[in-house]
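Q: Structure below; questions to follow.
The values are calculated or read from the model by the stated rules, or taken from the named source; none is laboratory data. The model shown is predicted, which means the values in this text are computed figures rather than measured ones. When we count neighbours, we look across all protein chains shown, and the Cβ atoms used for this are built from the backbone with ideal geometry, even at glycine.
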Amino acid sequence: MKLLVTGMAGFIGHAVAKRLAGQGHDLVGIDNLNDYYDVALKHARLSDLIKCDDVRFIELDLADSEGMSALFAAEQFDRVIHLAAQAGVRYSLDNPHAYAESNLVGHLNVLEGCRRHSIEHLVYASSSSVYGMNEKVPFATHDAVDHPISLYAATKKANELMAHTYSHLYELPTTGLRFFTVYGPWGRPDMAPFKFTQALLEGKPIQVNNHGDMQRDFTYIDDIVEGVVRILDVIPASGNSTSAPDTSTAPYALYNIGNGSPVALMDFIRAIERATGCDAKCDFRGMQPGDVPRTWADTEALFDATGYRPQVGIEEGVARFVEWYRNFYQI
Ligand SMILES: NC(=O)c1ccc[n+]([C@@H]2O[C@H](COP(=O)([O-])OP(=O)(O)OC[C@H]3O[C@@H](n4cnc5c(N)ncnc54)[C@H](O)[C@@H]3O)[C@@H](O)[C@H]2O)c1
């Protein structure tokens, strides 16, 4: 198949492309290599991929409508895995326009490309943050999610609504994946697993939100990749009911993709302490705006669709991440 992976220099995009490389596909990746976090890490991910003969990289901004339409016209993709976005909850408080550009205009450009070139299946990234103020756990895709608490979450929910519209109007099969706190090798420097590991190894304090009273459904990158790759072959069909928010008469599907077992933040920090052999100096602080105290994915629907359950627990996942971190940064 000819595949487009957007956000290929990103954490999840790199891992998905690496997994698909060497399997007989023709893989094209795009990314605008923005400086939201260390660009050198994005270049290093690309260098890691460029070794693969069947992977090509094009520097392109999703929000460049003409560039995106020319890309789709020139390449004639079969399927699209859309992972590029402006990520991060806290950054959206100060930089809202970056989210409108990449996540709304950019997502629209992807949908338009898919519509105009009869793409077989668009798989795109949503986020657990859409659950916002939901109190019912575990979070399920049939729960109503009408109370986002960050602009980032609102754009991700908007992505699902926009995808549904295109599925309905143009019979474009779309699948949204709500990712739950992904961590692992080549991870994101703006996220807690990376920041905590870095601080512990450098003997610096870590900022622990909500005085440590947080839970996250941490999901190891390999489990995410397995879910993305399997779901690519599960193309939604038309004709289901519309009685629940995650079903539709249009060829539209929505899944949680998480570990399915929330971990207390302090337990996660202890796992990093064991893996690094360093003690954490915790600087406890209150709840941060836009943040949620708990995430927990109901993953039954993804299991039913793909037969896959996440395999990697926190102890093993953290150890693998710390090993990668030490090698990559020569610490
Ligand atoms: N990592 C997680 O825990 C997590 C959780 C929930 C949702 N997500 C979503 O999963 C997707 C991948 O996340 P990630 O963790 O790999 O993030 P990431 O920031 O590492 O990767 C995103 C990539 O997209 C690129 N990008 C951003 N705006 C772009 C634009 N306008 N044009 C072209 N490229 C652009 C960035 O340069 C980056 O390389 C995102 O949609 C994110 O919102 C991630």
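Q: Collect the residues in segment 31-59 that are at negative phi, within 8 Å of the ligand (Cβ to nearest atom) and not charged (D, E, K, R), keeping them in residue-number order.
A: Matches in segment 31-59: ASN32, ASN34, TYR36, TYR37.
Q: Moving on to the next point. Just to be sure before I move on: is LEU62 within 14 Å of the ligand (Cβ to nearest atom) and farther than 24 Å from GLY24 by Cα in the structure I sent?
A: yes
Q: Now a separate question. Considering each residue of segment 56-83, count those that are in contact with a His (Cβ under 9 Å, 6 or more places away or on another chain) and small (Gly, Ala, Ser), and give that number.
A: Number of matching residues: 1.
Q: Can you tell me which residues in segment 288-322 are touching a strand residue (DSSP E or B) at 6+ places or on another chain (Cβ under 9 Å), part of a loop (DSSP other than H, G, I, E, B) and farther than 21 Å from GLY212 by Cα?
A: Matches in segment 288-322: ASP298, THR299, PRO310, GLN311, VAL312.
Q: Looking only at segment 16-36, how many residues end up being out of contact with any strand residue (DSSP E or B) (no Cβ under 7 Å at 6 or more places or on another chain) and closer than 13 Å to CYS52 by Cβ?
A: Looking only at that region, the number is 5.
Q: Another question, then. Regarding ALA100, is this residue closer than 19 Å to THR175 by Cβ, modelled with pLDDT of 95 or more and within 12 Å of the ligand (Cβ to nearest atom)?
A: no
Q: Further question: Given segment 24-141, what helices (runs of 4 or more DSSP H) lie entirely inside it while holding 2 or more residues that are aliphatic (A, V, I, L, M) and surrounded by 15 or more Cβ atoms within 10 Å (Cβ to Cβ)?
A: Fully inside segment 24-141 and qualifying: 39-50, 65-75, 106-116.
Q: Which ones in segment 41-64 are of a type in the set (Asp, Glu) and touching a strand residue (DSSP E or B) at 6+ places or on another chain (Cβ under 8 Å)?
A: Passing the criteria: ASP54, GLU59.
Q: Between ALA73, ALA87, which is modelled with pLDDT of 95 or more and within 8 Å of the ligand (Cβ to nearest atom)?
A: Selected residue: ALA87, the only one of ALA73, ALA87 that is modelled with pLDDT of 95 or more and within 8 Å of the ligand (Cβ to nearest atom).
Q: Take ASP78 and decide whether it is at pLDDT below 95, over 17 Å from LYS42 (Cβ atoms) and more than 11 Å from the ligand (Cβ to nearest atom).
A: So ASP78 fails the test.
Q: Name the residue that is farthest from the chain's Cα centre (by Cα), counting only residues in segment 149-206 that are within 9 Å of the ligand (Cβ to nearest atom) and charged (D, E, K, R).
A: By that ranking, first place goes to ASP190.
Q: Just give me the residues in segment 1-30 being near the ligand (Cβ under 10 Å from one of its atoms) and at positive phi, in sequence order.
A: GLY7
Q: Which of the numbered conditions does ASP146 fail, given that it passes all the others? Conditions: (1) at pLDDT below 95; (2) crowded, with 22+ Cβ neighbours inside 10 Å.
A: Of (1) at pLDDT below 95; (2) crowded, with 22+ Cβ neighbours inside 10 Å, only one is false for ASP146: (2).
Q: Inside segment 1-23, can you point out the residues that are polar (S, T, N, Q) and surrounded by 15 or more Cβ atoms within 10 Å (Cβ to Cβ)?
A: Within segment 1-23, THR6 is the sole residue that qualifies.
Q: Could I ask something else about it? Just to verify a result, which residue in segment 213-271, among those that are in contact (Cβ under 8 Å) with a residue 12 or more places away in the chain and among the basic types (Lys, Arg), is farthest from ALA140 (Cα to Cα)?
A: Top of the filtered list is ARG230.
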